Amino acid sequence: MAKPADTRTAGRKPAVRATRSAAETEKIRAALAARRDELRAEYDQTLSEITELQRDRLTDSAGDDQADTGTKTFEREQEISLANSIRERITQVERALERLDEGGYGWCERCGNPIPVERLAAFPSATLCVTCKQLEERR
Ligand SMILES: [Zn+2]
């Protein structure tokens with residue numbers, strides 16, 4: 001398979017998409033899938049911590065004063081909100097994988113260039129390339 005010629009330097013037309021090779025798409029898919037698995041493991045871990053906290057609350061709450069109970073409730077709430085945010089990130093990665101199949105994922109919304117695989121792996125919900133992101137932040 002011939003590599004597509006790099007036309008990016010020729011003319012900057014944001015509407016025109018550069019091409020992404022099948023191999024690169026596979027790399028993104030693998031990175032996203034790995035990320036999803038990581039997040040799922042983290043989610044399971046958090047859920048078991050919640051269960052543990054809940055069990056602690058039930059088993060050794062006899063000698064607790066109000067402050068202890070408060071701390072435990074707080075910890076549990078923290079864990080639950082952590083679990084929810086992980087859940088949210090899993091959903092983002094799953095959506096990214098769907099969009100990748102449709103060919104609508106991994107392109108900078110601002111300049112139309114492909115977003116590097118590494119960036120997508122770290123931030124599956126990224127919609128801008130690093131350059132454009134920095135420009136946005138500077139405004
Ligand atoms: Zn860009």
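The values are calculated or read from the model by the stated rules, or taken from the named source; none is laboratory data. This one's a predicted model, so the numbers in the text were calculated from it and none came from an experiment. Note that each Cβ is placed from the backbone with ideal geometry, even for glycine, and that neighbours are counted across all protein chains shown.
Just to verify a result, which residue in the stretch 122-134, among those that are of a type in the set (A, V, I, L, M) and surrounded by fewer than 18 Cβ atoms within 10 Å (Cβ to Cβ), is farthest from Arg29 (Cα to Cα)?
Among them, the one singled out is Val130.
Within the set Glu102, Glu137, Glu98, the sole residue that is loosely packed, with under 13 Cβ neighbours inside 10 Å and closer than 15 Å to Arg35 by Cα turns out to be Glu98. Determine whether Arg110 is among the basic types (Lys, Arg), farther than 21 Å from Ala33 by Cβ, surrounded by fewer than 17 Cβ atoms within 10 Å (Cβ to Cβ) and in contact with a Leu (Cβ under 9 Å, 6 or more places away or on another chain). Judged against the criteria, Arg110 is a match.
Go through the stretch 24-139 and tell me which helices (runs of 4 or more DSSP H), entirely inside it, have 1 or more residues that are of a type in the set (Phe, Trp, Tyr). First the steps, then the outcome.
Values: elements: 66-102, 117-122, 130-138.
Answer list for the stretch 24-139: 66-102.
Among residues that are surrounded by fewer than 16 Cβ atoms within 10 Å (Cβ to Cβ) and within 25 Å of Lys133 (Cβ to Cβ), Arg35 is not included.
Annotation note: Cβ proximity below 7 Å between a residue of the stretch 110-135 that is on the phi > 0 side of the Ramachandran plot and within 11 Å of the ligand (Cβ to nearest atom) and a residue that is in a loop (DSSP other than H, G, I, E, B) and at pLDDT below 90 (sequence gap 6+ or interchain) occurs for Gly112/Pro14; Gly112/Ala15; Gly112/Val16; Gly112/Arg17. Considering the stretch 38-79, and only residues there that are surrounded by 13 or more Cβ atoms within 10 Å (Cβ to Cβ) and hydrophobic (A, V, I, L, M, F, W, C), the residue that is modelled with the lowest pLDDT turns out to be Leu53.
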